[in-house]
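One structure is given below, encoded as structure tokens.
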Amino acid sequence: MAAPPDLFSPARYDAVRRNREKAETLPAWCYTDDEWFQRETAKIFRPAWHFVDLDTSLPEPGTFLTTTLLGESVIVIRDREGGVRGFRNSCRHRGAELLGESQGSCRAIRCPYHSWTYDLDGTLLMAPGTETEYARSALGNLGLNLTPVPCASRHGMIYVNVSPKPPVPLDVYLGDYPERVAAPYQVSRMVCVRRLSYDLATNWKLYCEVEMETLHTKHIHRRSIGEQPVTAATTQGEWIAVVNTDQPTPALYPGSRSKGFPRTPGIYGPAEEGTYFSTVLPGSFIVTAPDCMWWIRKIPTAPGRLHTEVGYCFPRETVARPDFAELAEAYNARWDQVMDEDNQIVEVQYRGLRSSVPGCYTAEEPVVHRFDNWVLDRVLDEESP
Ligand code: FES
Ligand SMILES: [Fe+2]
């Protein structure tokens with residue numbers, strides 16, 4: 001279905017705005033249209049705070065990771081005082097990429113081109129070619145330090161914003177997520193032990209939607225997950241979640257769930273009762289379970305192109321066990337199967353969408369409806385007075 005000329009007119013989407021029981025799903029063009037995608041990039045992805053990784057992934061000063069957000073490469077690095085800092089991964093001399101690896105460690109950031117060198121706080125330390133007085137004063141006047149990118153951590157999780165001045169402060173953006181989920185699940189004890197990435201022919205929202213409903217688990221995951229009853233969480237801030245409380249861990253196959261690692265030391269409150277399947281909006285799916293956690297970060301590059309970055313994590317006490325590698329194999333097998341099942345179905349759905357007309361949300365998909373309306377809230381034009 002082709003996108004209409006009044007693509008962003010609120011009146012076009014009245015049917016999606018109805019109560020869930022009577023609502024229609026988003027029209028197909030919201031997933032396939034390039035203009036719609038550009039609007040999402042500007043109104044959703046650019047102002048957002050994005051979860052990037054765990055604090056424990058940068059254990060020492062100089063340890064860093066790089067990630068690409070909205071087509072721009074960003075460095076996240078541990079400074080000498082123990083803080084996290086973000087910088088554009090681009091030299092202030094003539095723009096070369098500074099750090100080419102996705103993870104690593106350095107004593108200073110040295111450009112591979114003409115060896116301009118920056119301290120861990122971004123200060124330019126050495127600039128070969130600027131030795132003359134004229135060049136030095138020009139350098140002083142221009143202050144050619146690395147360009148900062150807003151970056152901070154909360155309860156063990158690092159977030160980045162690619163707007164120089166984020167329109168919403170991080171703590172307002174996250175709302176009650178850090179205290180309600182990251183703290184009780186002891187995310188600051190978690191260590192990422194396995195990273196994978198995928199490139200998929202689908203729209204980023206389809207992936208967010210499948211993560212927020214349980215209707216599909218008894219169909220496409222019938223052997224890997226089976227029934228997984230969830231309730232929708234009431235959340236404050238830019239996150240949504242569903243919660244499961246009827247099993248010790250969702251990260252093992254049915255039948256072997258009692259044979260997992262012990263619970264994370266120190267967990268309390270909701271973490272003792274089950275698993276939060278959360279999305280820090282727009283696209284960071286973060287599962288915190290009593291024994292482990294994992295994430296799927298969505299990095300869309302076009303309406304129908306999605307890159308995902310996946311991290312699997314256990315508490316450091318679990319990772320230190322002599323039998324860790326052996327027992328973790330059962331987790332990896334279950335994780336890989338479910339990942340393949342979800343990756344396949346969101347591509348199947350994307351192929352079918354082009355010829356679709358709006359459908360409906362069942363009683364097991366209320367958070368999908370909530371998510372789609374969250375997108376509309378940000379993308380549509382203001383109502384005319
Ligand atoms: S571009 Fe980095 S030193 Fe020249
Ligand atoms: Fe799934």
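Yes or no, residue by residue, for (1) charged (D, E, K, R); (2) away from ligand 2 (no atom under 16 Å from the Cβ); (3) in contact with a strand residue (DSSP E or B) (Cβ under 6 Å, 6 or more places away or on another chain):
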{"position": "253", "(1), (2), (3)": "no, no, no"}
{"position": "264", "(1), (2), (3)": "no, yes, yes"}
{"position": "271", "(1), (2), (3)": "no, yes, no"}
{"position": "277", "(1), (2), (3)": "no, no, yes"}
{"position": "283", "(1), (2), (3)": "no, no, yes"}
{"position": "289", "(1), (2), (3)": "no, no, yes"}
{"position": "295", "(1), (2), (3)": "no, no, yes"}
{"position": "309", "(1), (2), (3)": "yes, yes, yes"}
{"position": "336", "(1), (2), (3)": "yes, no, no"}
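Six or more apart or on different chains, Cβ atoms under 6 Å: show the pairs whose first residue is in the range 84-104 and closer than 23 Å to residue 195 by Cα and whose second is small (Gly, Ala, Ser) and within 16 Å of ligand 2 (Cβ to nearest atom).
none
Answer with yes or no whether residue 188 is surrounded by fewer than 17 Cβ atoms within 10 Å (Cβ to Cβ) and not β-branched (Val, Ile, Thr).
no
Residues are listed down the side, and each one gets a yes or a no for (1) part of a helix (DSSP H, G or I); (2) at pLDDT 95 or above; (3) touching a Leu at 6+ places or on another chain (Cβ under 7 Å); (4) closer than 26 Å to residue 79 by Cα:
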position: 140; (1), (2), (3), (4): yes, no, no, yes
position: 145; (1), (2), (3), (4): no, no, yes, yes
position: 166; (1), (2), (3), (4): no, yes, no, yes
position: 178; (1), (2), (3), (4): yes, yes, no, yes
position: 185; (1), (2), (3), (4): no, yes, no, no
position: 196; (1), (2), (3), (4): no, yes, no, no
position: 202; (1), (2), (3), (4): no, yes, yes, no
position: 205; (1), (2), (3), (4): yes, yes, no, no
position: 228; (1), (2), (3), (4): no, no, no, no
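Confirm whether residue 152 is in contact with a helix residue (DSSP H, G or I) (Cβ under 7 Å, 6 or more places away or on another chain) and either over 23 Å from residue 316 (Cβ atoms) or assigned to a strand (DSSP E or B) (or both).
The answer is yes for residue 152.
I need a count of the residues in the range 230-240 that are assigned to a loop (DSSP other than H, G, I, E, B), in contact with a helix residue (DSSP H, G or I) (Cβ under 9 Å, 6 or more places away or on another chain) and either away from ligand 2 (no atom under 14 Å from the Cβ) or more than 29 Å from residue 48 (Cα to Cα) (or both).
Selection size over the range 230-240: 5.
If you take the residues of the range 207-222 that are more than 26 Å from residue 69 (Cβ to Cβ) and either free of Cβ contacts under 8 Å to residues at least 24 places away in the same chain or in contact with a Leu (Cβ under 8 Å, 6 or more places away or on another chain) (or both), which of them is nearest to ligand 2 (Cβ to nearest atom)?
217
Output the number of the condition that residue 301 fails; it satisfies all remaining conditions of (1) under 25 Å from residue 182 (Cα atoms); (2) touching a Gly at 6+ places or on another chain (Cβ under 9 Å); (3) not aromatic (Phe, Trp, Tyr).
(1)
Within the range 129-137, is even one residue within 16 Å of ligand 1 (Cβ to nearest atom) and either modelled with pLDDT of 95 or more or surrounded by 13 or more Cβ atoms within 10 Å (Cβ to Cβ) (or both)?
Among the residues of the range 129-137, at least one is within 16 Å of ligand 1 (Cβ to nearest atom) and either modelled with pLDDT of 95 or more or surrounded by 13 or more Cβ atoms within 10 Å (Cβ to Cβ) (or both), which makes the answer yes.
The values are calculated or read from the model by the stated rules, or taken from the named source; none is laboratory data. Just so it is clear, the model here is predicted, and its values are computed rather than measured. Here the Cβ is made from the backbone with ideal geometry for all residues, glycine too, and neighbour counts use every protein chain on show.
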